[in-house]
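Computed from the coordinates by the stated procedures, all read-outs in this text should not be read as laboratory data. Remember, predicted model here, so these are calculated numbers, not experimental data. Neighbour counts are summed over all protein chains in view; Cβ atoms, including those assigned to glycine, are modelled from backbone coordinates with ideal geometry.
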Amino acid sequence: MNESHFLHGFLNPQSVAIYGANNKGNSLAGLQIMNLIKSSYDGNVYPIHLKLDSVMGFKAYKSITEVPEIPDLVVIVLPAKAVPQIFRECGIKGVKRIVLISGGFRELIGERKNTLTKEIKNIADEYGIRFIGPNCLGVYNNWYGPEEENKSFNIFIWENLKRSRFSIASQSGTLSCHIWYDPENLDLGLSRSLSVGNEANVDIVDCLEYYKDDKYTEIIGLYIEELKRGKKFLAIAKEITLKKPVIAIYVGGSKAGNRALQSHTGSLAGNSKIYEGVFKDTGIIKTDYVQEFLDIALIFSKGIIPKGKRLGIITNSGGPGAMVANNAENHGLIVPEFSESLQKELKNNLPPTASFKNPVDCTFDMDLPYFYITLPERLMKSGEIDAIIQYGVVGFQEVLDEYLKFDQIAKYAEFQHQPDEFVDKLAQKLLHPTMKNSKKYSVPIFYVNPMNFNSPWSKKLRKNGVILFKLWDRPVNALAKVCKYVEYKQKVLDKVL
């Protein structure tokens with residue numbers, strides 16, 4: 001861990017004081033203290049409330065002066081006008097880190113003059129305080145206590161997430177939090193999340209400096225509304241992208257978008273073309289879509305990155321194969337026609353109605369070991385492709401089980417329900433060899449099952465570590481941007497060498 005960086009203390013506090021903490025389920029401060037309990041945080045917790053004697057079982061204090069130690073971190077969820085006085089009290093106490101959740105600072109517009117941000121910055125400078133916010137949701141560290149998987153430091157994400165090496169820095173608290181409601185995204189997992197809000201003291205550049213040397217961060221996601229330190233951002237981003245991919249969403253450029261940002265955080269967004277140029281120059285992967293942001297991160301999270309942009313397509317239906325091929329070429333990927341020797345090898349093992357030039361269309365062939373294991377391995381070994389998209393990994397057992405609910409079908413059917421233990425073993429048998437080959441040949445494979453993402457077979461696929469999509473557009477779009485990043489990185493390295 002990058003323990004020398006000041007953000008390390010924000011992510012790993014041994015004690016926390018929370019202004020405004022209460023027992024209500026509909027308050028932000030109440031949710032924060034409940035998240036600490038839910039995440040098995042074992043540091044000292046000090047609720048600060050003028051009227052309550054205890055909050056969620058913790059002894060409450062009237063002010064920071066009564067707390068028996070100097071907390072490593074103070075979290076403030078109070079009306080903006082009360083914050084300067086709280087900052088001063090914290091400074092006198094000796095507090096050095098504050099997360100300021102409260103809104104009502106720079107984002108206020110109109111005739112009212114608001115000097116609160118300047119006031120708290122002056123107080124922070126006077127007492128040597130670093131603070132995140134205002135108008136943020138705080139910090140999340142899924143590697144708090146690395147030895148204990150179920151422990152995290154969490155004040156704002158309501159789901160229990162698996163650990164990964166994907167970290168976020170966001171000027172929107174919602175993006176860093178709400179995207180984890182959907183169970184599809186839980187496959188990605190999370191390492192750190194820093195919601196920086198208005199960036200009155202800590203900004204995106206600070207987060208990048210921390211993530212650059214953080215061993216628990218291998219992929220970085222950014223949500224950007226404005227950049228205050230443009231030159232520093234360019235320098236640090238160029239340095240990072242040669243080692244770790246950075247994926248960014250920039251919101252701004254349109255009249256409506258800029259208007260929304262100014263009322264939301266007071267951000268002054270710049271021309272979107274300037275940001276596109278910045279991202280292109282630094283190798284940052286730009287996307288306008290949250291789902292694609294997560295899809296790209298998921299591909300990187302598996303650690304098997306394509307060496308080039310040649311795509312092999314395996315399908316059990318002609319239409320999806322054609323659409324994947326067309327979309328791939330439109331996004332700059334290459335769908336090569338296989339060599340005569342590879343075509344001959346495939347032709348000898350496919351049904352007569354199959355297509356084998358690329359895409360490989362198995363036309364509903366039910367030879368599962370060949371479809372799941374042998375065919376992907378032959379494409380990987382050939383050296384003619386850099387990645388594979390495989391459509392049609394459908395859970396036929398659950399489809400057949402639906403038919404068996406009808407007495408007339410069950411009476412005559414020459415098939416029967418298979419117990420979960422059998423299907424679990426089948427999934428392992430079909431998937432593990434290909435997962436090993438994918439790593440061996442450095443050829444990522446993306447599975448597409450059009451069934452519900454939480455269907456029994458989809459869950460078994462995910463449990464065995466595959467990258468799974470519901471339909472075929474998303475893996476193509478995300479893969480194309482991953483390949484552009486690989487291309488950028490190689491060009492820069494070639495120049496250096």
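Summary of values
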| item | result |
| --- | --- |
| Charge sum, other residues only, whose C-beta stays under 11 Å from residue 11's C-beta, Lys/Arg counted +1 and Asp/Glu -1 | -1 |
| Estimated translational D of the chain in µm²/s (Stokes, Kirkwood radius over Cα pairs; 10 °C; 1.306 mPa s) | 63 |
| Value of [θ]222 nm, deg cm²/dmol, for the chain, DSSP H segments ≥ 4, -39500 (n - 2.57) each, nearest 500 | -12000 deg cm²/dmol |
| Sites residue 118 and residue 181 - FRET efficiency at Förster radius 51 Å, r taken between beta-carbons, to 0.05 | 0.90 |
| Over 25 Å between alpha carbons, listed pairs 243/280; 81/151; 463/491 | 81/151; 463/491 |
| Of the GluC sites (Glu not before Pro) in region 284-390, those whose Cβ has at most 14 other Cβ within 10 Å and which sit in DSSP loop | 337 |
| Segments 39-50, 294-305 sorted - mean Cβ within 10 Å per residue, highest first | 294-305, 39-50 |
| Neighbour-limited loop hits for chymotrypsin sites (Phe, Trp or Tyr not before Pro), region 386-428 (at most 13 other Cβ within 10 Å; DSSP other than H, G, I, E, B) | 406, 415 |
| Using a Förster distance of 60 Å, the FRET efficiency for residue 329-residue 413 (Cβ separation, nearest 0.05) | 0.90 |
| Spin-label pair residue 58/residue 291, simplified geometry with 7 Å Cα→Cβ offset, distance in nm | 3.9 |
| Reachable aspartates and glutamates from residue 244, criterion Cα separation under 13 angstrom, eight or more residues apart if same chain | 209, 213, 214, 218 |
| Subset of 439/489; 238/307; 238/484; 357/481; 425/459; 440/495 violating a 23 Å alpha-carbon distance limit | 357/481; 440/495 |
| 0 to 90° range, to nearest 10: angle between helix 272-282 axis and the chain longest Cα axis | 70 |
| Alpha carbon centroid spacing (whole Å) that separates region 19-63 from region 109-162 | 16 |
| Distance between modelled label sites at residue 364 and residue 231, nm, 7 Å Cα→Cβ extension | 6.6 |
| Computed label-point distance, nm, for sites residue 343 and residue 88 using a 7 Å Cα→Cβ extension | 8.2 |
| Euclidean distance between Cα centres, region 439-497 to region 179-216, Å | 22 |
| Degrees separating the helix 473-496 axis from the principal Cα axis of the chain, which is the longest one | 70 |
| On Cα atoms only, tilt of 420-441 relative to the major axis of the chain in degrees | 90 |
| Sites matching GluC sites (Glu not before Pro) across region 32-139 that sit in DSSP coil, with at most 14 neighbouring C-beta atoms within 10 Å | 69, 111 |
| Residue 405-residue 470 FRET efficiency (beta carbon distance; Förster radius 25 Å; 0.05 resolution) | 0.55 |
